[in-house]
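The values are calculated or read from the model by the stated rules, or taken from the named source; none is laboratory data. Worth saying up front: this structure is predicted, and the values here are computed from it rather than measured. Here Cβ is always computed from backbone atoms with ideal geometry, including for glycine, and neighbour counts include all displayed protein chains.
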Amino acid sequence: MAKNRKATNSAATADPRWPRDYVGIARDYAVRAADEKNRATFGRWIRLAAQRFLRDLERAAAEGGPFVFDVWHASDPCDFIEKLPHIEGTWATPTITLHESDVFFVVNLFGFRNHDGTRRFTTALKAIARKNAKSTVAAAIGLYCQNCEGENGPQVISGATTGKQARIVFNIAKQMAERTSELREAFLLEPFANAIASYANGGTFKPINSKASTQDGLNPSCSILDEIHAHKTHDLLNVIKSAAGARANPLFLFTTTEGYESPGPWPELRHFAKQVLQGVIEADHFLVVYYAVDDEDKEAGIKADDDFDEASWIKANPLMDVNPLLLKELRKDAIEAKQMPGRHAEFKIKRLNRPSSAAGGWVNIVKWKACGGAVDLNWLEKYPCYGGLDLASTSDLTSFRLAWLIEQKWYTHGWRFVPHAAVKSRTERGLVPYHAWVSSGKLIEAGDEVTDYDEVEKTILAAKTRFNIKGIGYDDWNAKQLVQKLKAANLPMEQFIQGPRSYHPAMQALELAYVAGNFCHGNDPVLNWCASNLVARTDANMNTAPDKKKAPDKIDDIVALLMAIGMAHKEIEPPKKFQFFALGR
C-alpha cells in the first residue's frame, strides 16, 4: 500500500491493482458535472471545477505541460481511504466506500503531480453543506499524508477556532486508527488521547486550536483547518502557513460549510476560490471543489434555486442520493425553516451552503475575458490618451493607467505598484499571486513597508515622454504632494471627484465597450482581478460608482481605468450648453 512510483503524463482506465477504477469514476463524474444539460443536478461552482479538471487532464497529457497526471498517485489514496472503517452511523459495509464526488476530490488532489514528483496542489478547499462526510474524508486524507507521502517526520495538524472543533477531525482519525489493526501494524501507529504517533517515520497527528497557535515546534506537513468560516481572525492560518515553510510538499486542506460573514479569512478565501474557478486568476497550486445551490446570475443565464425546491438540494448535498437519512433531515429542517424566519437563515447557510450575504460583481467575467487581445504600445504612441491615478493605499496597490479610444474601440495599459511588505503578506496567505506578478513585471515592487511614490512619479514621467497624454484624473486622497510634482513637470492633472455623478459616464462607456467587444485590455491579470472584485453603488438618480467598502478585495486598477475613461469622456462629450431666451409680450 502506498509505495512511491515514478509519475507519468498519461491517464489510464481500469487498473487491476485497484478494487475500483477511481480515475474512471472521477472522469465520468466530471463529464456529467461539466455538462450544461445537467444544471438541475450540479451547481455552477462544481460545474466549473469539473470543467477545470477535464482541461487539466489535457494539459497534463500535453508534451511539456506544467504538470503530469499519475494514475497510481490518484488511485492509491482512494484505496487507502476505502480500507478505513466507518466511525458513525450504520452502513452496508464495515469500511468506507467513497462517493463519486469524494473520488473526484481525492483523485484531483493527489493525481496531478509536479515534474519533481510532488503534489501539484498544495492548497485545497472543499466547501459543502453539513452532514456530507467532509470531516470523515478530511481525517482519512490526514492519515494518508501522515503515513504514505514519504515525508520525513510528518506533522499533521487538525486546526480550528476551538479545541472541541479541532478534535472533530482528529477524533475521527484516532478512531479509524484504533479500529484498524492493519493500519497500526503497517505504519507502527499508536493512538494517544491527544496525538497519533507514527513510529515508522517519526510523525504525529495532533489537534490544535487558535489559542495554542503561538506555541513553538510547529512544522506541519499537512494542515487541516476545519470550518474555516468560523475563524474570526487570520492568526491561526498565518502561524501555520509560516511554520510550514520548511516543507517541500505541504498541504493546506480547508473544509467548511458556509457561515455568517466575519472579518476572518473565509470571505477572502471564498472569493479567491471562485475567481480561480472562473479563470480570473491562474493558481495551479489551489484546488477548489465547491458545492452549493445556485444564486441568480442573469448574464450567465443562471436562475436562483428555490430554497424549498427539493430537487435542487443535491447541488449542495451530493451524498443525498446515497444517504436517505440526509434527505430525511433536510426535509425536516425545511419544514421548520418555512415557519420560522430564524431557522430559514440557518437552513440556507448550513443545508444549502449559501453565503449569508453576497454583493454582486459589476463585471461579466466571460465577456470581459473575451476582450483580452494584445495591446500594441508602439502603435498607440501616435494617438492621444488619458490617464487615471489611484493612490488609494500606501500599504498595498497603487495604480496608474492609460486609456485610448480609437475608432470606437478602447485600449488600455497600466502600471501597478506595491511595497515589499504587501508582496510578502500576500505570498504568506497563499492566495492572490503578488510575487508571481512582480516576477513577471505585472506589478512593480516599490518601497518596503509603504509604496515609494518616487517610483510612481518616475513611471508617470516616462509615460509622458512616450505617450500623448491629454489629461490625468486622480483621486485627491493622499495625492497632494505627488500631484504637485507632476503638475510642476507640466502634466495635465485634474482632480476626479469620487462620486456617482463623475463615475457614471465612465462606467456606462466601459460596460458598453467590453460587452460589445470594443475593448482591449491585453489579458492583464492584475486588471482582471480588480475587475472581478468591482462592486457598484447606486445613488438616488441611478448613477453608479465603484464601492470600495463592499468590494471583496482590491479594485484600484479598474478604478484608475474608469478615471482615465472618465477624463476622455469629458473631451468626447463636453457638457451641453444651454441657451436662454427671454420671452416678451
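Quick notes on this one:
- Where E178 falls short, out of the listed (1) under 30 Å from I349 (Cα atoms); (2) surrounded by fewer than 22 Cβ atoms within 10 Å (Cβ to Cβ); (3) among the acidic types (D, E): (1)
- Taking the conditions (1) of a type in the set (A, V, I, L, M, F, W, C); (2) crowded, with 22+ Cβ neighbours inside 10 Å; (3) within 27 Å of P265 (Cα to Cα) in turn, L218 satisfies each one other than (2).
- Total residues in the range 379-402, condition more than 29 Å from the chain's Cα centre (by Cα) and over 16 Å from L486 (Cα atoms): 7
- Residue in the range 434-442 that is touching a residue at least 60 places away in the same chain (Cβ under 8 Å), part of a helix (DSSP H, G or I) and surrounded by fewer than 23 Cβ atoms within 10 Å (Cβ to Cβ) present: yes
Each row is one residue, and each column tells you yes or no for (1) in contact with an Asp or Glu (Cβ under 9 Å, 6 or more places away or on another chain); (2) within 21 Å of H229 (Cα to Cα); (3) not assigned by TED's automatic domain parsing to the domain that holds E185.
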| position | (1), (2), (3) |
| --- | --- |
| V106 | no, no, no |
| T122 | no, yes, no |
| A133 | yes, yes, no |
| T136 | yes, yes, no |
| G142 | no, yes, no |
| C148 | yes, no, no |
| G153 | no, no, no |
| I157 | no, yes, no |
| G163 | no, yes, no |
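- Taken over the range 145-167, residues that are part of a loop (DSSP other than H, G, I, E, B) and surrounded by fewer than 18 Cβ atoms within 10 Å (Cβ to Cβ) amount to 4.
- The condition of being surrounded by fewer than 20 Cβ atoms within 10 Å (Cβ to Cβ) and under 28 Å from the mean Cα position of the chain (by Cα) holds for only one of N209, N201, that being N209.
Matching residues to (1) in contact with a Lys or Arg (Cβ under 7 Å, 6 or more places away or on another chain); (2) at pLDDT 95 or above; (3) hydroxyl-bearing (S, T, Y):
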{"position": "N114", "(1), (2), (3)": "yes, yes, no"}
{"position": "L125", "(1), (2), (3)": "no, yes, no"}
{"position": "A138", "(1), (2), (3)": "no, yes, no"}
{"position": "G142", "(1), (2), (3)": "no, yes, no"}
{"position": "N147", "(1), (2), (3)": "no, yes, no"}
{"position": "G150", "(1), (2), (3)": "no, no, no"}
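- Elements of type helices (runs of 4 or more DSSP H) in the range 30-112, at least 2 residues being closer than 21 Å to Q275 by Cβ, without any contact (Cβ under 8 Å) to a residue 24 or more places away in the chain and not aliphatic (A, V, I, L, M): 44-61
- Yes/no for G471 being in contact (Cβ under 8 Å) with a residue 12 or more places away in the chain, more than 16 Å from V559 (Cβ to Cβ) and in a strand (DSSP E or B): yes
- L561 satisfies every condition listed in (1) in contact with a helix residue (DSSP H, G or I) (Cβ under 8 Å, 6 or more places away or on another chain); (2) of a type in the set (A, V, I, L, M); (3) at pLDDT below 90 except (3).
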